[in-house]
Amino acid sequence: MSAPKVLAFDVFGTVVDWHGSISREAKSIIPGIDGDKFASAWRAGYKPAMDEVRSGKLGWTKIDDLHRLILDRILVDFGIDLSEEKRKQLNHAWHRLDPWPDTIPGMTRLKSRFMLTTLSNGNIGLLANMAKNAGLPWDLILSAEVFRHYKPDPETYLGVADIFELQPSDVMLVAAHEDDLDAAKACGLQTAFVERPMEYGVGSAVPQGDLTRFTYASTDLNDLAGQMGV
């Protein structure tokens, strides 16, 4: 298979440390909270909330608004009464997620040869703010918001190829999540697994399947860049 022309990145967990970042922000805004438990609970509501959109229970909803919906629900679960101002501040913590240590150097190496774009369920404003805050060197920001479909719907993966006027095999999804990669592979994309054992916090690494089914399997983005010859 020839080298891809575009690398499309999952963002949450692959490029940025959502768990550690949200845990820190939660503890700063809600003194005494178990930040790790709060971050995990918030993220746990992510897929069920998207399913509410897919089922038609909710109309198309950008991730900022889904995050707020989940936040309001888990504040009740945690027995926390937070002001509207602090709710907005905390919800926008998703715009301020910190990159993994290898992210920027690895992306910079890959950018020297390949076009780099996001392919995230995060909305465009969120992803743009995150990139500005963290210094992420994207060539383009693409989002489920563009396609009106969340990953792993095929419209998202095939949409990247369509935007660049490429065959699906000319696009490679870079992600830390095997289900995301499997869905991309089923659409004809190349795939690159990036290991992120700390995504869900200390001692919460997700067991890995057979990674040989992907085009590449890497320990981080620097390792991926080396395997791809840059």
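Things worth noting here:
- With DNA, RNA and ligands ignored, accessible area of LYS185 (1.4 Å probe; Å², nearest 10): 90
- On the beta carbon distance between SER112 and MET198, with R0 = 30 Å, the FRET formula returns roughly 0.65.
- Rounded to the nearest 20 debye, the dipole magnitude of the chain is 340 debye, with +1 charges on Lys and Arg beta carbons, -1 on Asp and Glu beta carbons, and the Cα centre as origin.
- Within-11-Å neighbourhood charge of ARG213 [Cβ basis; K, R +1; D, E -1]: -2
- With contributions of -39500 (n - 2.57) from each DSSP H run of at least four residues, the per-residue ellipticity at 222 nm computed over the chain stands at -13000 deg cm²/dmol.
- Of GLN208, GLN89, GLN167, the one that fluctuates the most in a GNM where the chain has Cα springs shorter than 10 Å: GLN208
- Extension gain, SER83 to ASP179: 0.36 nm times the residue separation minus the Cα-Cα distance gives 30.9 nm.
- What separates the Cα centres of the stretch 61-75 and the stretch 153-221 is a distance of 26 Å.
- Between HIS92 and ASP210, the modelled labels are 4.8 nm apart [label points 7 Å from Cα along Cα→Cβ].
- Using θ = phi - 60° in the Karplus curve 6.51 cos²θ - 1.76 cosθ + 1.60, the 3J(HN,Hα) couplings for the stretch 92-102 round to 7, 4, 5, 7, 10, 5, 7, x, 5, x, 8 Hz; x is entered for Gly and Pro.
- Length added when fully stretched, ARG148-ILE74, from 0.36 nm per residue minus Cα-Cα: 24.0 nm
- For the stretch 98-230, the per residue solvent-accessible surface stands at 43 Å², with DNA, RNA and ligands left out and a 1.4 Å probe.
- Prolate/oblate/rounded call for the stretch 89-230, Cα gyration tensor, a/c under 1.5 rounded: rounded
- The chain: most fluctuating residue of PHE38, PHE78, PHE114 per GNM, C-alpha cutoff 10 Å: PHE78
- With a Förster radius of 35 Å applied to the beta-carbon distance between ASP223 and ASP162, the computed FRET efficiency rounds to 0.70.
- The stretch 88-128 and the stretch 31-53 have their alpha-carbon centroids 20 Å apart.
- Between THR14, PHE193, LEU82, the Cα set farthest toward the positive side of the dipole of the chain (charges on each charged residue's Cβ, about the Cα centre) is that of LEU82.
- Cβ-placed point charges (K, R +1; D, E -1), dipole of the stretch 1-75 about Cα centre in debye, nearest 20: 140
- Farthest toward the positive end of the dipole of the stretch 121-164, out of ALA128, TYR150, LEU140, is the Cα of ALA128, where the dipole comes from beta carbon charges about the Cα centre.
- Within straight-line cross-link reach of LYS132, lysines at Cα separation under 20 Å, skipping those fewer than 8 residues along the same chain: LYS62, LYS88, LYS111
The values are calculated or read from the model by the stated rules, or taken from the named source; none is laboratory data. Everything numeric in this text was worked out from a predicted model, so none of it was measured. Glycine also receives a Cβ, built like all others from the backbone with ideal geometry; neighbour counts cover every protein chain displayed. All accessible areas refer to the heavy atoms of the entire protein, side chains included, with ligands and DNA or RNA removed. Shrake-Rupley method; radii C 1.70, N 1.55, O 1.52, S 1.80 Å.
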